[in-house]
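Q: Have a look at this one before I ask anything.
Derivation of every value follows stated rules applied to the coordinates shown; laboratory data play no part. Worth saying up front: this structure is predicted, and the values here are computed from it rather than measured. Cβ coordinates were reconstructed from backbone atoms using ideal geometry, including for glycine residues, and neighbour counts include every protein chain displayed.
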Amino acid sequence: MKRTPLLSLGIAGLGAAALPTSARAQAQAPRTEQDRPNVIVILADDLGFGDISCNGSRTIATPNIDRIAAEGIRFTNAHTTSSTSTPARFGLLTGIYPWRVPGTGIAPGDAGMIIRPGTPTLASTLRDAGYTTGAVGKWHLGLGESGRQDWNGHITPGLEEIGFDYSFIMAATGDRVPCVYIENQRVYNYDPEAPISVSYKENFPGEPTGRDNPELLRLHPSHGHDMSIVNGISRIGYMKGGGKALWKDEEIADVITGKAVEFIEKNRERPFFLYFGTNDIHVPRVPHKRFAGRSGMGARGDAILSFDWSVGRIARVLDSLGIADRTILIVTSDNGPVVDDGYRDRAVELLGDHRPWHIYRGGKYSAFEAGTRVPFIVRWDDGARAGTVSGALVSQIDLFATLARRCGARIPEAGAPDSRPALAVLRGETEQGRSWVVEQNANGTLSILSGGWKYIAPSRGAAYLKATNTELGNAPEPQLYDLREDAGERHNVAAEHPDVVELLRSLLDEVKHAGGTARR
Ligand code: NG6
Ligand code: CA
């Protein structure tokens, strides 16, 4: 508490972010063909900092993820922009803080395309630089026009319009309809005998629901999730039809990992970018039978093993194709962990000594650290600093500018206004990370981390989400935590450090008013 690190921050800290994008683009040296590594981002869903053994967990074994960490750089102070999925993914793919853009909250399954065509994305930027780009797995950023998608035809605008040459996706989440895969903007395995209708307003006449027909369920909701029944599991939203196109939850990891592998194999000869969002470990957690019961902590732990398997499968295909030394592999998570997220899958009862949150407070949805401090591992194509552990402050918001720089891609003038290149940091050459990181919780409360402090802005949001047993981090008064002394955010020291509160409040204000869409 005898520190004055903030004195060097403030406007100076913000300066680099305000650098015009044209200046950033000019700083990029031209690259040769060999100097364009492949990029794979594996984005887990709801995987907590404490859910992987390389982050210190002794209650679960994740050997495949640990291997990537041993061959790469493992970050211990890395943050997503948001403690829920849609905004976190929006930030990662656009380099724009989601709180700048209305409509980036948790999306229903019939949300329209949230990244409007014309917005530069990491995919479009790499595609413009000659990369073949693909997105596989969980999407959750909307598709087509809100509520008016033709699920029986071509859905547009889709991923092609925002930079992906290939896509094989789940529209939203495992627990939201429509429960079908969508390949290149058409339902995969489409069944003409069972045309698809989707509604987030009302049920279709005669269709069973979890609420009215619990006898049809093999997995029961604990809260919400009582609408249409697909594969014996009730979901959020109503759907009718689908027939043979409907997914089987226990096969999702195999199907999407298989499609990711196919994409890699097909594009092995040219530079590619693959964004692979796993369904694991989101609810409903119904892992394949080869993982069921294996973790000893129920479906949630089994889903972690399934996720670890997916990472291993991707790593092994890079080995067998001989392209690991031409590929940057990133493993991270969209937001922090939750144990009961709406199904009675016994995750709470069987958790035992496992601590998905590690030492941190809160969890998914929260402004506290467990919500946004996520696993983050980068294995470089050239093997840079293999096995390093870095405590540098980093954010997923910087992946866009950093990868663009490394891959010789030019960010369009208005692109990725909040993203800054952090190559030396992400390559483990320095621990001088960001001077600040901004993040948001489920109801949009903003926090800023800087100089070992964390300030959570006052908010009228609920303090506690009872259904998931999560402290959301909202409070009507300002909160200040000294993360170096109090990583668990137990003691609000705002009253003792009004000067720090004021500095961080004004820094946050400055970030809010600088850059972003306002500069477009
Ligand atoms: C919540 C869901 C939760 C999960 C979350 C999104 C209920 C009661 N809860 O609204 O189960 O789907 O949204 O999770 O419906 S995320 O990781 O995709 O952001
Ligand atoms: Ca998530």
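Q: Which order, highest average first, do 209-221, 227-239 follow once you tally other Cβ atoms within 10 Å for each residue and take the mean per peptide?
A: 227-239, 209-221
Q: Between ARG218 and GLU202, what length comes free when the chain is fully extended (0.36 nm per residue of separation minus the Cα-Cα distance, one decimal in nm)?
A: 3.4 nm
Q: Using the crude model of +1 on Lys and Arg Cβ and -1 on Asp and Glu Cβ, and no other charge, please compute the dipole size for the chain relative to its Cα centre, in debye to 20.
A: Dipole of the chain, to the nearest 20 debye: 600 debye.
Q: What spacing in nm lies between the two simple spin-label points modelled at SER506 and ALA462, each 7 Å away from Cα in the Cβ direction?
A: 3.7 nm
Q: All other residues with a Cβ under 10 Å from the Cβ of GLY383 taken together, and with Lys, Arg as +1 and Asp, Glu as -1, what is their net charge?
A: -2
Q: Sticking with this one: Can you tell which of GLN149, THR445, THR327 lies farthest toward the positive end of the dipole of the chain, using +1 and -1 charges on the Cβ of basic and acidic side chains (Lys, Arg; Asp, Glu)?
A: THR327
Q: Using a cut-off of 15 Å between beta-carbons, work out the net charge of the residues near ARG148 (Lys and Arg +1, Asp and Glu -1, ARG148 not included). Kindly include the intermediate steps, with their values, before the conclusion.
A: Values: positive: LYS201; negative: ASP110, GLU145, ASP150.
For residues surrounding ARG148, the net value is -2.
Q: Is there a pair in LYS240/LYS364; LYS138/LYS364; LYS138/LYS240 whose C-alpha atoms are over 19 Å apart, and which pairs would that be?
A: Those over the limit are LYS240/LYS364; LYS138/LYS240.
Q: With charges only on Cβ, +1 for K and R and -1 for D and E, what is the dipole size of segment 199-240 about its Cα centre, in debye, rounded to 20? List each step's numbers first, then the result.
A: Numbers: 5 positive and 5 negative charges, 28 e Å.
Approximately 140 debye in magnitude.
Q: Turning to a different aspect of this structure: Provide the packing ranking of 123-134, 56-67, 397-408, 145-156, i.e. peptides ordered by the mean count of other C-beta atoms within 10 Å per residue, highest first. Display every interim value, and only then the final one.
A: Values: 123-134: 21.9, 56-67: 17.9, 397-408: 24.2, 145-156: 15.7.
Per-residue mean Cβ counts within 10 Å order the peptides as 397-408, 123-134, 56-67, 145-156.
Q: Continuing with the same structure: With N set to the residue count of segment 93-198, report its C-alpha Rg divided by 2.2 N^0.38 Å to two decimal places.
A: That ratio works out to 1.05.
Q: How are the alpha carbon pair distances in segment 199-240 distributed across 5 Å bins from zero to the largest one, expressed in percent?
A: Pair shares across the bins are 6, 31, 37, 19, 7.
Q: Now, a different point. Using the per-residue mean of other Cβ atoms lying within 10 Å as a proxy for protection, in what order, highest first, do the peptides 37-47, 108-118 fall?
A: On the way: 37-47: 25.3, 108-118: 20.1.
Result, highest mean first: 37-47, 108-118.
Q: Project the alpha carbons of segment 73-132 onto their principal axes and report the range along each, largest first, in whole Å.
A: Sorted from largest, the Cα extents of segment 73-132 read 34, 33, 21 Å.
Q: How far apart, in nm, are the 7 Å Cα→Cβ label points at ALA514 and ASP325?
A: Here the answer is 4.2 nm between the modelled labels.
Q: Hey, rough spin-label estimate for ARG58 and ALA414, points 7 angstrom out along Cα→Cβ, what's it come to in nanometres?
A: About 5.5 nm, to one decimal.
Q: Continuing with this model, one more query. Quickly estimate the mean residue ellipticity at 222 nm for the chain, helices only: each DSSP H run with n ≥ 4 gives -39500 (n - 2.57), and the total goes over all residues, rounded to 500.
A: Calculated at 222 nm, the ellipticity per residue is -6000 deg cm²/dmol.
Q: Next question. Taking amide H positions as placed in the peptide plane 1.01 Å from N, state which residues far from HIS282 in sequence (5 or more) or on other chains have amide H under 5 Å from it.
A: Amide H to amide H, under 5 Å and 5 or more residues apart or across chains, HIS282 pairs with ASP45.
Q: What does the charge count near ALA367 come to, summing +1 for each Lys or Arg and -1 for each Asp or Glu among other residues with Cβ under 10 Å from its Cβ? The partial results should precede the final answer.
A: Numbers: positive: ARG361, LYS454; negative: GLU369, GLU439, GLU471, GLU489.
Counting the neighbours of ALA367, the net charge comes to -2.
Q: Also, quick follow-up: To the nearest 0.05, what FRET efficiency results for ARG484 and THR388 with a Förster distance of 22 Å applied to their C-beta separation?
A: E(calc), rounded to 0.05, equals 0.55.
Q: Could you work out the relative contact order of segment 343-408? I mean the mean sequence separation of Cα pairs under 8 Å and 6+ apart, divided by the number of residues, in percent.
A: Values: 23 pairs, mean separation 7.9, N = 66.
Result for segment 343-408 is 12 percent.
Q: Per residue Cα convex hull volume for the chain, in cubic angstrom? If you can, show how the numbers build up before the last one.
A: Working: hull volume 69.9 nm³, N = 520.
It comes to 134 Å³ per residue, whole-number rounded.
Q: If I stretch the segment between LYS248 and GLU262 completely, what's the gain in nm (0.36 nm per residue apart, minus their alpha carbon distance), one decimal? Intermediate results must be reported in sequence, preceding the final value.
A: Values: separation 14, 0.36 × 14 = 5.04 nm, distance 2.00 nm.
Extra length available between LYS248 and GLU262 comes to 3.0 nm.
Q: Still on this model: I need the shape label for segment 279-370. Rule: rounded when a/c is under 1.5, else prolate if a/b > b/c, else oblate, with a, b, c from the alpha carbon gyration tensor.
A: oblate
Q: If you don't mind, another one. Among GLY408, GLY91, ALA367, which residue has its Cα furthest toward the positive end of the charge dipole of the chain, with +1 on Lys/Arg Cβ and -1 on Asp/Glu Cβ?
A: My answer, from the dipole projection, is GLY408.
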